[in-house]
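Undergrad: Can you keep this structure in mind? I'll have questions shortly.
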Amino acid sequence: MATLPSAHFCHTYSPPLPPSSSSSSVSYLPAYSSVHGRLQRVSISSIPRRFVSVKVSQHNAVGLQDGPPAPAFNPIENEAPFEKLKDGLLSAPSSKESEDTAVFNVNESESTVSITVVGASGDLAKKKIFPALFALFYEDCLPKHFTIYGYARSKMTDAELRDMVSKTLTCRIDKRENCSEKMEQFLQRCFYHSGQYDSQDHFTELDKKLKEHEVGRVPNRLFYLSVPPNIFIDAVRCASSSASSCNGWTRVIVEKPFGRDSESSATLTSALKQYLEEDQIFRIDHYLGKELVENLSVLRFSNLIFEPLWSRQYIRNVQLIFSEDFGTEGRGGYFDNYGIIRDIMQNHLLQILALFAMETPVSLDAEDIRNEKVKVLRSMRPLQLENVVTGQYKSHVRGGITYPAYTDDKTVPKDSLTPTFAAAALFIDNARWDGVPFLMKAGKALHNKRAEIRVQFRHVPGNLYRNIGTDLDRTTNELVIRVQPDEAIVLKINNKVPGLGMRLDRSNLNLHYAARYSNEIPDAYERLLLDAIEGERRLFIRSDELDAAWALFTPLLKEIEEKKVIPEYYPYGSRGPVGAHYLAARYKVRWGDVGVEV
């Protein structure tokens, strides 16, 4: 039986299919009909394209993993639709147009993808984006014809960009002998153009350079905005009017933060939509690209033992925990404007919560999944200040080393009240989750680095072994999904210790990824970049998702700032404020990461 290939082992690139109004993951390929003597549209089931191997040539319509190849057909000219331009930027066709004209372009293999990293001289581009693109190239996941352009205000030559990028590239996936050769091939496809982010003339110059590499092929363009949010609109406006593709697709990846509250987020979305259609905007939250986060729905929906238990009837509480063992380290100026609630809770943890708690989607189609996530967010109870604890790390001496306080950062005001730690209790008011506390905890300068989901199940009714061991919390089953580091899925069960007596032990059924799988887990940016190139939107945030998320947190954030709530101070390297434990205790919960080995 054929198996679905993972994004990590691409080896063949599946060209993007024509856009669809509902989702990019439902597409149509032509197959010849001997009855009607014309091209028929064949629907592919709504499986994301990076899970399906597709090869197309002038002589064969489509070859899938399973099933016979489609009969040969003669290409028909002028079948591909011309898409409309909106304010100079390519827009997706309407649903009616997609229905009438969604015929696969037989020349798609002759298309090219131009990837422009806007803000190429920044840390994110150097540390994450370029290495992720190289990893995709190394695994043959990028299209045959592609070009990468760095765009920033810094003056730099192509050679200088390649030298800068080469210092961050590694063949970490495996130890193939052709690493240096592949690296050199990749760097030869990297170029640089210096320009201002608000200059249409400079983007016009970029457009001319892109066209030199695209000549003779259908040009598709992806812009990655690795710049501060105050530059987004200028960059998108200039790209739309001066550097968008005329007869291919144009997509834009936007990095968080997506505003500071509901109002600023809505303003940003409205401004972006002056130049882009919604399906051209790829709002990236890199946590959604984490292997264990993507596996969350697989774990639940493809394993019979879990789905029946996924409700208030069996689950006592759910904990989403994020901790870093370092402080702001010079990034305090940026962080102080947002704080831990905006930086981590409102996006990373809330997105994971929505994926965890959603109902079964109709399909793996991006819109079906995102529809269910929005329903969860809209069902959530508004956050109350009484259900939130904030903290800020202070200086601490340990082992003869003095660790700085948050306000010791030179880029942070001395009187700052910005929280570096927050814990919150959230509730979903629907039939599945009514009354179940979802506890979030996120902080900097804590005792360890981790991101995990902990599902604590209810006590066994009438437990026969209740008198053997008195700590009921320690004898309940718990499912731990460790997102990072050292990825693992652990199910805690009660077990009898071998011997003549009756003594219970809490044991772990442990799926440790490093031990089970020999292949290294791809970086989240690799998965998300590949999805953006292929037009797969499941792991990107839709505008109504963003609105619903901000609607939950904006009233709380305004109350904290207006009342100038003083955070509880905790020592650098500790487990955080004591108040977080009182918050959990209020709902008869014990944090699962306290005093345990997993």
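Undergrad: Looking at Leu446, Leu439, Leu426, which one is assigned by the TED database to the domain that holds Leu552, under 25 Å from Pro485 (Cα atoms) and modelled with pLDDT of 95 or more?
TA: Working: Leu446 fails: modelled with pLDDT of 95 or more; Leu426 fails: under 25 Å from Pro485 (Cα atoms).
The unique qualifying residue is Leu439.
Undergrad: Within the bounds of region 307-317, is there any residue that is surrounded by 20 or more Cβ atoms within 10 Å (Cβ to Cβ) and under 27 Å from Pro228 (Cα atoms)?
TA: For region 307-317, residues surrounded by 20 or more Cβ atoms within 10 Å (Cβ to Cβ) and under 27 Å from Pro228 (Cα atoms): absent.
Residues checked against (1) closer than 24 Å to Leu539 by Cβ; (2) not assigned by the TED database to the domain that holds Arg153:
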residue	(1), (2)
Ser194	no, no
Asp201	no, no
Glu205	no, no
Arg221	yes, no
Ala235	yes, no
Leu268	yes, yes
Lys273	yes, yes
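Undergrad: Sticking with this structure for a sec: Are there any strands (runs of 3 or more DSSP E) wholly within region 383-432 with 2 or more residues that are over 17 Å from Ile341 (Cβ atoms), and if so which? Walk me through it before giving the result.
TA: Working: elements: 388-394, 396-398, 401-403, 421-426.
Output list reads 396-398, 401-403.
Undergrad: When the residues of region 494-514 are filtered to those that are at pLDDT 85 or above and aliphatic (A, V, I, L, M), which remaining residue is farthest from Lys449 (Cα to Cα)?
TA: Start the filter on region 494-514 by keeping residues that are at pLDDT 85 or above, which leaves 508-512.
Going one step further and asking which of them are aliphatic (A, V, I, L, M), we end up with 509, 511.
Working: Leu509: 23, Leu511: 20 Å.
The residue in question is Leu509.
Undergrad: State the number of residues belonging to region 570-593 that are β-branched (Val, Ile, Thr) and over 15 Å from Asn317 (Cβ atoms).
TA: Pass one, region 570-593, residues β-branched (Val, Ile, Thr): 578, 589.
Subsequent filtering for residues that are over 15 Å from Asn317 (Cβ atoms) retains 578.
Residues in region 570-593 being β-branched (Val, Ile, Thr) and over 15 Å from Asn317 (Cβ atoms): 1 in total.
Undergrad: Restricting attention to region 133-167, which residues are closer than 18 Å to Arg221 by Cα and open to solvent by 30 Å² or more (accessible area, probe 1.4 Å)? Outline the logic, then answer.
TA: The first filter runs over region 133-167 and keeps only residues closer than 18 Å to Arg221 by Cα, leaving 133-134, 136-137, 141-152.
Lys144, His145 - these are the residues of region 133-167 that are closer than 18 Å to Arg221 by Cα and open to solvent by 30 Å² or more (accessible area, probe 1.4 Å).
Undergrad: Condition first: farther than 16 Å from Leu142 by Cβ and of a type in the set (Phe, Trp, Tyr). Now tell me which residues in region 181-216 satisfy that.
TA: Correct list: Tyr192, Tyr197, Phe203.
Undergrad: Select, from Leu296, Leu304, the only residue that is modelled with pLDDT of 90 or more, assigned by the TED database to the domain that holds Leu353 and either within 28 Å of Ala354 (Cβ to Cβ) or not in a helix (DSSP H, G or I) (or both). Give the derivation first.
TA: Values: Leu296 fails: modelled with pLDDT of 90 or more.
Within the list Leu296, Leu304, the selection yields Leu304.
Undergrad: From (1) closer than 30 Å to Thr390 by Cβ; (2) in contact with a Leu (Cβ under 6 Å, 6 or more places away or on another chain), pick out the condition that doesn't hold for Phe553.
TA: It fails just one condition, (2).
Undergrad: Further question: Of these, Thr101, Thr157, Thr147, which one is at pLDDT 50 or above, among the β-branched types (Val, Ile, Thr) and over 25 Å from the mean Cα position of the chain (by Cα)?
TA: Values: Thr101 fails: at pLDDT 50 or above; Thr147 fails: over 25 Å from the mean Cα position of the chain (by Cα).
That would be Thr157, the only listed residue that is at pLDDT 50 or above, among the β-branched types (Val, Ile, Thr) and over 25 Å from the mean Cα position of the chain (by Cα).
Undergrad: Here is a follow-up. Does Gly122 satisfy being open to solvent by less than 40 Å² (accessible area, probe 1.4 Å), more than 26 Å from His286 (Cβ to Cβ) and of a type in the set (Gly, Ala, Ser)?
TA: On the way: open to solvent by less than 40 Å² (accessible area, probe 1.4 Å): yes; more than 26 Å from His286 (Cβ to Cβ): no; of a type in the set (Gly, Ala, Ser): yes.
Against the criterion (open to solvent by less than 40 Å² (accessible area, probe 1.4 Å), more than 26 Å from His286 (Cβ to Cβ) and of a type in the set (Gly, Ala, Ser)), Gly122 does not qualify.
Undergrad: Please go through (1) part of a loop (DSSP other than H, G, I, E, B); (2) surrounded by fewer than 17 Cβ atoms within 10 Å (Cβ to Cβ); (3) not assigned by the TED database to the domain that holds Arg432 for Glu329 and return the number of the only condition it doesn't satisfy.
TA: Unmet condition: (3).
Undergrad: May I ask you to list pairs of residues, at least six apart or on different chains, whose Cβ atoms are under 6 Å apart, with the first in region 222-236 being part of a helix (DSSP H, G or I) and the second being aromatic (Phe, Trp, Tyr)?
TA: Hits for this filter: Ile231/Tyr197; Asp234/Tyr197; Ala235/Tyr197; Val236/Tyr275.
Undergrad: Select, from Val589, Val578, the only residue that is surrounded by fewer than 19 Cβ atoms within 10 Å (Cβ to Cβ), of a type in the set (A, V, I, L, M, F, W, C) and more than 17 Å from Arg370 (Cβ to Cβ). Show your work before the answer.
TA: Values: Val589 fails: surrounded by fewer than 19 Cβ atoms within 10 Å (Cβ to Cβ).
Answer to the selection: Val578.
The values are calculated or read from the model by the stated rules, or taken from the named source; none is laboratory data. Not measured: the values here are computed from a predicted model. Neighbour counts are summed over all protein chains in view; Cβ atoms, including those assigned to glycine, are modelled from backbone coordinates with ideal geometry. The accessibility values were calculated without ligands, DNA or RNA, using every heavy atom of the protein model including side chains. Shrake-Rupley method; radii C 1.70, N 1.55, O 1.52, S 1.80 Å.
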